[in-house]
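Worksheet: one structure, shown below.
The values are calculated or read from the model by the stated rules, or taken from the named source; none is laboratory data. Bear in mind the structure is a predicted one, so any value in this text is a computation, not a measurement. Positions of Cβ are generated from backbone atoms using ideal geometry, with glycine treated the same way; all protein chains shown enter the neighbour counts.
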C-alpha cells in the first residue's frame, strides 16, 4: 500500500497528544543520514512529551515510487541494475547497525517507535527486499517486524510479499 500525503495527514490528526506522527521525507537513498534524521525527530517528539513516535512506510532509505530500476518482465537494463544495487546497498539489515541506532533513540527517549524500512533479507536461499514496519519498545528492544502482505503488481517486481507470519500484536508496556 502506498501512503499518500493526505493519508499521512489524516493519520496524524487521529493521533492523540501523547503521540507524534512524523510526516517528513527521508534523505533519499542515504540510510545513515535518514536514520540520523529519524533519531533527531524522535528526540524532538519526545521533548514534546510523545510516548509513541510513528514514521511513514519505507522511510529508510525511501519508498521506490516511480522507480522502475530499468525493469520490464524478463529483462533489466544495465542502468537499472546499477540503480537497484544502490537501493539494495541502502536497505536495512534487521538486526543491524541501523536498527541499533533506532533502538537507541527509542531507549534514550523512553518511547515506542514504529518506522517503515526497506529490509534487506538474506535468507539461506536467495536475497530479497521487503517493505517492513519495525516496532521498538521504550527499552530500545526491537519488538518485531511486519512485512507488507501484498503490493501492486509492478511492486512485486522489486518488493515481494512478506506473508502472514509477520502479523502479530505487541503489548504496550506502559
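Rundown of residues vs (1) under 23 Å from residue 123 (Cβ atoms); (2) outside any helix (DSSP H, G or I); (3) in contact with a helix residue (DSSP H, G or I) (Cβ under 8 Å, 6 or more places away or on another chain), yes/no style:
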position: 53; (1), (2), (3): no, yes, yes
position: 65; (1), (2), (3): no, yes, no
position: 83; (1), (2), (3): no, no, no
position: 86; (1), (2), (3): yes, no, no
position: 95; (1), (2), (3): yes, yes, no
position: 102; (1), (2), (3): yes, no, yes
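Only residues that are touching a strand residue (DSSP E or B) at 6+ places or on another chain (Cβ under 6 Å) and within 25 Å of residue 49 (Cα to Cα) were counted across the stretch 103-137, and they come to 14. Taking the stretch 38-51 as the range and being in contact (Cβ under 8 Å) with a residue 12 or more places away in the chain, under 22 Å from residue 97 (Cβ atoms) and either out of contact with any strand residue (DSSP E or B) (no Cβ under 9 Å at 6 or more places or on another chain) or not in a helix (DSSP H, G or I) (or both) as the test, the residues that pass are 39, 43. Being modelled with pLDDT of 95 or more, closer than 16 Å to residue 144 by Cα and not in a helix (DSSP H, G or I): is that true of residue 113 here? Criteria met by residue 113.
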